[in-house]
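The values are calculated or read from the model by the stated rules, or taken from the named source; none is laboratory data. What you see is a predicted model; the values in this text were computed from it and never measured. Cβ sites come from the backbone with ideal geometry, for glycine too, and all protein chains shown count toward neighbours.
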Amino acid sequence: MSSASINAAGMNSVEPARVEKRRSWLASVVHHALGRWGTRLGIGWIALVAFCATFAPFLANSFPLLVRVDGRWSSPAVIHLTAVDFTLVIAAASLLVLIRLKKLPWAIRAWWFAGILGMTLPLTLFAVKPPLVSGYEEYRDLKHEGRVQWMLSAPVPYSPNDHLTDQFDFTHPQPWAPSRSHWFGTEQNGEDVLSVMIHACRIAMSIGFISTGIAVFIGIIVGGLMGYFAGIVDLLGMRLVEVFGAIPTIYLLLAFCAAFERNIYMVMAIIGLTGWTGDARFVRAEFLRLRGQDFVHAAIAAGLPLRSVLFRHLLPNALAPILVSASFGVAAAILSESVLSFLGLGLPVDAASWGRLLNQSVGQGGGFHLWLAMYPGLAIFLTVFSYNLIGEALRDALDPRLNPQ
Amino acid sequence: MTQKPLLQIRDLNVAFDTPRGQIRPVRDVSLDIFPGQIVALVGESGCGKSVTSLSILRLIPSPPGKVLSGKIMLDSRDLPALPEKEMRKVRGKEIAMIFQEPMTSLNPVYTIGDQIVEAVMLHQHVSTKQAYGIAEESLREVGIADPRRRLQEYPHQMSGGMRQRVVIAMALSCKPKLLIADEPTTALDVTIQAQILELLRKLQRETGMAILLITHDLGVVAENADVVAVMYASRVVEVATVEEIFDHPLHPYTQGLLRSVPRLGAAEGRLESISGAVPNPARFPSGCKFHPRCSLSRQAAASAPAEQTVEIKTVEETFRVLKICTTVEPDLREVQPGHWGACHLIENYEGSKVSLPVLNHRREVTANAVAAEREGAVVVEVLQGKEG
């Protein structure tokens, strides 16, 4: 008994020094990366963009959130929500709840989230049928006629496709400079710039993540097989990487956009399908390094199937450089989309995108509209900069020579 | 005794393709391991002992390595010819392996519990909860204090000795018939080495499994092995019981190895060593691969007629060895009953027959040794307390 208590006391005295170490390696890397103020600023900005993307219809909408017309209450904003809007809101809500459920392991929480998302999207696509937009000026007219008793508008009371046809003024043509009613001004069709920018967050987020997701997925599969099997597989794989690396993405995008209908998914697919070569090289190099290590031999010697050896034992150890390259990839994808939109290609004409606003900053008559260049340009710059900050911080945190542990 | 061997290696040849041509680190290796036996495979670095052990489980990186010929029979299955799916069932379940470097043989991103449970659930059809129970039990068996808490820890939170215990626990969690231990103590410091070997011996007695012990440490061999096979430059050069090897080593290489072990009380000045270095597998000498370093051949050449000897010039020295040593590669022959050797200079080698080294021998555990082990176990427990 006494020896046990001595032992316990001895252990306790060691414990404080170990507290720092009580994390998995990946968790400690994230912890180190998060310790830098630059990373926090970057994550803050990305979070703001994500928030705008999720709640865009509640932040900028021509339809009031809550209104009392002729004595009847209604919520036109909610009625006009699309299936995607619903899914995003439900996803955000479930994410918040799942993050709060601290007792569940992360893997199970991730499965729950994926499950909820997978259930909601088809359900909403099936159930949510928003009415065709009759006219964005409907409630402005009603208010003008004095039939509105009470109205709660969105912070920016204009939808991104609201061309302000009721406010047409021959003497003062669009675009309008920033004013009290349009904080960031309007663009050449009369759309409110701030509203367009808020709704454009969706494209900025999704184009970055989906195209990088495609690239990382292909990169992991191809690079993993090359690195693990080496030999002839590696030889052929590297030639494939070289072929794809030689494709100039922007020209391919221009050619496809000119030849086919404008479609954001095509843009994502092209950026993803041509951008995986860097990830593949990283994964290959890591797998080549790791395949000779004892724990991989031990995993094979334990009789684990190839799937488990590759994806459970090798991949998590090779994840670090992929994370870094992915965060730079997101930034590059956003830039590519902006370039395309700036050139007037890529997205459908009515899609809200930062690049399209940039495109409009040079007027048809040759005039230059500063607010159309500055605000979206700043948004693109900050987003790309944030992803680069995060990537840089991850890279430093992963470098064991800089890590005090 | 007509017990069937658990594992039979027959004329194993392994080759590696390198940019400068094929090298063959393992040639015509034959070895038998009986159930419950500890067979030591001894040799210097680069003699092919690790490659032999890796090829049993088909862990040789391929490309560039491949098994050229030979059989590795486990019960009645030939492992090199087994389909990959069948081979996976052998790995871990029937033959387990522990590696030299405990620092790298555990996956740094998973808790040790996750790693043991994955292997347990793969081979034994049990629930996750039962698998954690088995994992906890196997950690307790290898003498890890507070196993339940340790299951939740990551490898970097443990010391080298503890990690090697975990590795052993993982290897033994599925009750294999054969454990391949590739220099299990080389990377550990001396006190921990003794503990780990004691532990392996204890577990071996309890479970009755066989162990193939790969090592270059003759002390480890003397204390643990039943049968010893000495490898030099890709070949097995001597096989005998552990008592025979240490009392009557026949091959000049084995004799040299034993002479270069420091002994207590033998104050003779400089420790003897075998001159020269292990030959590069890409440029093995002709004939007996040991002849450039062989003192026996030199001595014999001094008294032999000149036409039976050959002069060898190296950077450092010029000397003569027997011609036969440089031209004819000696086979492994049973030079004495239960003692195989491959050297032209062993007494009555010429008259002996080439045969497969099969030795179903167990060392005698004297009462003295058991007492010593018990004493050792007490020391181990005390040390464990410190380690934790």
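Given B:M97, B:M121, which one is more than 28 Å from the chain's Cα centre (by Cα) and of a type outside the set (S, T, Y)?
None of the others qualify; the one that does is B:M121.
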I'd like to verify a number: residues in region A:275-308 that are among the aliphatic types (A, V, I, L, M) and touching a Phe, Trp or Tyr at 6+ places or on another chain (Cβ under 7 Å), how many?
1
Given the structure, is A:V233 within 14 Å of another protein chain (Cβ to nearest Cβ) and among the aliphatic types (A, V, I, L, M)?
yes
Looking at (1) facing chain B (nearest Cβ under 10 Å); (2) surrounded by 21 or more Cβ atoms within 10 Å (Cβ to Cβ), which is the only condition A:G272 fails?
(1)
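Might you let me know whether region A:172-193 holds any residue that is over 30 Å from A:A60 (Cα atoms) and of a type outside the set (S, T, Y)? Reasoning before the result, please.
Initially, region A:172-193 is screened for residues over 30 Å from A:A60 (Cα atoms), giving none.
Checked region A:172-193: no residue is over 30 Å from A:A60 (Cα atoms) and of a type outside the set (S, T, Y).
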Mind checking whether some residue in region B:280-289 is among the hydrophobic types (A, V, I, L, M, F, W, C) and in a loop (DSSP other than H, G, I, E, B)?
yes
Which ones in region A:215-240 are hydrophobic (A, V, I, L, M, F, W, C) and either surrounded by fewer than 21 Cβ atoms within 10 Å (Cβ to Cβ) or modelled with pLDDT under 90 (or both)?
A:F217, A:I218, A:I221, A:L225, A:F229, A:A230, A:I232, A:V233, A:L235, A:L236, A:M238, A:L240
Just to be sure before I move on: is B:G92 more than 8 Å from chain A (Cβ to nearest Cβ), of a type in the set (G, A, S) and under 27 Å from the mean Cα position of the chain (by Cα) in the structure I sent?
no
Has region A:268-276 got at least one residue that is among the hydrophobic types (A, V, I, L, M, F, W, C) and at pLDDT below 85?
no
Qualifying position, being more than 13 Å from chain B (Cβ to nearest Cβ), touching a strand residue (DSSP E or B) at 6+ places or on another chain (Cβ under 8 Å) and not hydroxyl-bearing (S, T, Y), among A:V339, A:V362, A:V324:
A:V362
Could you identify the single residue in B:D75, B:D32, B:D11 that is over 24 Å from B:P285 (Cβ atoms), under 19 Å from the mean Cα position of the chain (by Cα) and among the acidic types (D, E)?
B:D32
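Yes/no matrix, rows are residues, columns are (1) free of Cβ contacts under 8 Å to residues at least 24 places away in the same chain; (2) in a helix (DSSP H, G or I):
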| position | (1), (2) |
| --- | --- |
| A:F58 | no, yes |
| A:F63 | no, no |
| A:A77 | no, yes |
| A:T87 | no, yes |
| A:A91 | no, yes |
| A:L104 | yes, no |
| A:W111 | yes, yes |
| A:I116 | no, yes |
What tally of residues in region B:228-284 results from selecting those that are β-branched (V, I, T) and modelled with pLDDT under 75?
0
Scan region B:78-89 for residues that are over 24 Å from the mean Cα position of the chain (by Cα) and more than 11 Å from every other protein chain (Cβ to nearest Cβ) and jot them down.
B:P83
Can you tell me how many residues in region B:95-112 are within 7 Å of another protein chain (Cβ to nearest Cβ) and part of a loop (DSSP other than H, G, I, E, B)?
8
Checking B:L151 against (1) touching a residue at least 60 places away in the same chain (Cβ under 8 Å); (2) crowded, with 20+ Cβ neighbours inside 10 Å, which single condition isn't satisfied?
(1)
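Working only within region B:113-126, note down all residues that are at the interface with another protein chain (Cβ under 8 Å from one of its Cβ atoms), surrounded by fewer than 24 Cβ atoms within 10 Å (Cβ to Cβ) and either within 13 Å of B:A169 (Cα to Cα) or out of contact with any Cys (no Cβ under 9 Å at 6 or more places or on another chain) (or both).
B:E118 - this is the single residue of region B:113-126 that is at the interface with another protein chain (Cβ under 8 Å from one of its Cβ atoms), surrounded by fewer than 24 Cβ atoms within 10 Å (Cβ to Cβ) and either within 13 Å of B:A169 (Cα to Cα) or out of contact with any Cys (no Cβ under 9 Å at 6 or more places or on another chain) (or both).
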Criterion first (under 18 Å from B:D182 (Cα atoms), surrounded by 15 or more Cβ atoms within 10 Å (Cβ to Cβ), of a type in the set (D, E, K, R) and touching a helix residue (DSSP H, G or I) at 6+ places or on another chain (Cβ under 9 Å)) does B:R91 satisfy it?
yes
Restricted to region A:206-230, and to residues that are among the hydrophobic types (A, V, I, L, M, F, W, C) and under 19 Å from the mean Cα position of the chain (by Cα), which residue is farthest from the other protein chains (Cβ to nearest Cβ)?
A:I207
Members of region B:50-74 found to be modelled with pLDDT of 85 or more and touching a Gly at 6+ places or on another chain (Cβ under 7 Å), listed by number
none
Of the candidates A:L81, A:L41, A:L48, A:L95, the one satisfying the condition of being away from chain B (no Cβ under 14 Å), at pLDDT 85 or above and assigned to a loop (DSSP other than H, G, I, E, B) is A:L81
Which listed residue, of B:E347, B:E334, is assigned to a loop (DSSP other than H, G, I, E, B) and either at pLDDT 80 or above or surrounded by fewer than 21 Cβ atoms within 10 Å (Cβ to Cβ) (or both)
B:E347
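Please go through region A:282-302 and give me each residue that is of a type outside the set (A, V, I, L, M), under 20 Å from B:D182 (Cα atoms) and surrounded by fewer than 23 Cβ atoms within 10 Å (Cβ to Cβ), ordered by number.
Residues satisfying the conditions are A:R291, A:G292, A:Q293, A:D294, A:H297.
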Evaluate region B:364-374: report whether one residue or more is within 22 Å of the chain's Cα centre (by Cα), part of a loop (DSSP other than H, G, I, E, B) and at pLDDT below 80.
yes
Only residues that are closer than 20 Å to B:I196 by Cβ, part of a helix (DSSP H, G or I) and within 14 Å of chain A (Cβ to nearest Cβ): list them for region B:127-150, please.
B:A135, B:S138, B:R150
Taking region A:149-189, which residues are farther than 21 Å from A:P76 by Cα, without any contact (Cβ under 8 Å) to a residue 40 or more places away in the chain and in contact with a helix residue (DSSP H, G or I) (Cβ under 8 Å, 6 or more places away or on another chain)?
A:H182, A:W183, A:T186
Between a first residue in region A:290-308 that is within 19 Å of B:H123 (Cβ to Cβ) and at the interface with chain B (Cβ under 7 Å from one of its Cβ atoms) and a second residue that is among the hydroxyl-bearing types (S, T, Y) and buried (at least 21 other Cβ atoms within 10 Å of the Cβ), which pairs have beta carbons less than 6 Å apart while being 6 or more apart in sequence or on different chains?
A:F295/B:S105; A:A298/B:S105
The condition of being charged (D, E, K, R), touching a residue at least 12 places away in the same chain (Cβ under 8 Å) and not in a loop (DSSP other than H, G, I, E, B) holds, among A:R284, A:R262, only for A:R284
